[in-house]
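So the structure is just underneath, and the comments pick up after that.
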Amino acid sequence: MKKHFKITALLMVILLMATVLFGCAQKETSQNNQSQQQTNQQNNNSNQPVDTVEAIKKAGKLVVGTSADYPPFEFHDISSGKDVIAGFDIDLAEAIAKELGVELEIKDMSFDTIISAVLTKKVDMGIAGFTITEERKKSVNFSIPYIQGGQQIITYKGSGITGKDDLKGKTVGVQLGTTGEEIAKKIEGAKLKQFDKVDTAVLDLLNKKVDAVIVDFAVAKAYASQNSDKLELVGNLLDDAAKAVVLRKEDEKLLEVVNKVITDLKNSGELDKMVQKWFVEFKPKQ
Ligand code: ARG
């Protein structure tokens, strides 16, 4: 009996010591990992700044993030029988890819994930009718503006809504993470319904599940002309803001390339032609 007790006690002591030792060892490795990570980061920051322009050229392609639910900025064009993403922003993206001498790859995602896709390097830049805002400027860089536009209320015919003041107690569809959402939040008494994609918001509007949707004027016009018997634009513009390309703060060289492309397009009259093509002549398919 006594012997048994001694053995058990001894075993317990051994177990305790082993746990303590093992614990220490683990802690040490994780500390090692941490300091290794820190040195890696330091190396990346100081010794080898990432040259995104070179990286893009080496990869042979420019990857642009967009939310293709926003005609005439960007949308799925199925008129040729094939599904291609087209629009004003895509023509701009093409011009940037051309300047860099690479192919263009468009990644379609929900609008509220584009900035994080830029920051985590899933895409090289975001082009999606981005309004320049102070809030966004805290985390990303904007190119020089390439177009101006304002937010617009679109409603179904017969809703009785004639402008912002009629939105009290009404359900307003907005796209997550947009300036339209920010504006709608400030409309007194309006109930918000958030959507990942604008086309689903418009579908809800057509089914009268929401009373109004707030999007960029040109987009409201495009959706309304697709459903001219059912939808209409009402009230004044809710803001007037410049749109620009979104880039990582550290990618200053790439920012210069984008700004050069926009300046060249402006000076050559090409930008006016793009505006004419997409914001004047473009007729979305019925
Ligand atoms: N201009 C608005 C903003 O910056 C909406 C942009 C939405 N773009 C889109 N492709 N869905 O927030």
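Any idea which residue in segment 71-90 is surrounded by the most Cβ atoms within 10 Å (Cβ to Cβ), counting only those that are within 10 Å of the ligand (Cβ to nearest atom) and hydrophobic (A, V, I, L, M, F, W, C)?
Phe73
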> In segment 111-123, is there at least one residue being in contact (Cβ under 8 Å) with a residue 12 or more places away in the chain, within 10 Å of the ligand (Cβ to nearest atom) and in contact with an Asp or Glu (Cβ under 6 Å, 6 or more places away or on another chain)?
Replying inline: no
> Which one of Leu176, Leu237 is within 15 Å of the ligand (Cβ to nearest atom) and farther than 15 Å from Gln152 by Cα?
Replying inline: Leu176
>> Given (1) within 23 Å of the chain's Cα centre (by Cα); (2) touching a residue at least 12 places away in the same chain (Cβ under 8 Å), identify the lone condition not met by Lys283.
In response: (1)
> Among (1) within 27 Å of Met274 (Cβ to Cβ); (2) touching a Gly at 6+ places or on another chain (Cβ under 9 Å); (3) surrounded by fewer than 19 Cβ atoms within 10 Å (Cβ to Cβ); (4) not hydroxyl-bearing (Ser, Thr, Tyr), where does Ile214 come up short?
Replying inline: (3)
> When segment 233-260 is examined, which residues are found to be more than 19 Å from Gly149 (Cβ to Cβ) and outside any helix (DSSP H, G or I)?
Replying inline: Leu247, Arg248, Lys249, Glu250, Asp251
> If a residue has to be of a type outside the set (Lys, Arg) and away from the ligand (no atom under 13 Å from the Cβ) to count, how many in segment 146-172 make the cut?
Replying inline: 16
> Which of (1) within 16 Å of the ligand (Cβ to nearest atom); (2) over 21 Å from Val53 (Cβ atoms) is the odd one out, the single condition Ile106 does not satisfy?
Replying inline: (2)
>> Given the options Ala68, Ala128, Ala93, name the one that is under 24 Å from Glu250 (Cα atoms), small (Gly, Ala, Ser), within 11 Å of the ligand (Cβ to nearest atom) and in contact with a strand residue (DSSP E or B) (Cβ under 6 Å, 6 or more places away or on another chain).
In response: Ala128
> Which residues, counting only those in segment 155-175, are hydrophobic (A, V, I, L, M, F, W, C) and exposed (fewer than 15 other Cβ atoms within 10 Å of the Cβ)?
Replying inline: none
> Out of the residues in segment 180-201 that are of a type in the set (A, V, I, L, M, F, W, C) and free of Cβ contacts under 8 Å to residues at least 40 places away in the same chain, which is nearest to Ala222 (Cα to Cα)?
Replying inline: Ala201
>> Scan segment 156-171 and tell me whether some residue there is under 20 Å from Phe73 (Cα atoms) and not β-branched (Val, Ile, Thr).
In response: no
>> Just to be sure I understand, how many residues within segment 117-154 are under 18 Å from Asp196 (Cβ atoms) and exposed (fewer than 15 other Cβ atoms within 10 Å of the Cβ)?
In response: 1
>> For segment 263-280, check the following and say yes or no: at least one residue is surrounded by 13 or more Cβ atoms within 10 Å (Cβ to Cβ), within 15 Å of the ligand (Cβ to nearest atom) and at pLDDT 95 or above.
In response: yes
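The values are calculated or read from the model by the stated rules, or taken from the named source; none is laboratory data. Predicted model only: the values in this text are computed from it and were never measured. Note that each Cβ is placed from the backbone with ideal geometry, even for glycine, and that neighbours are counted across all protein chains shown.
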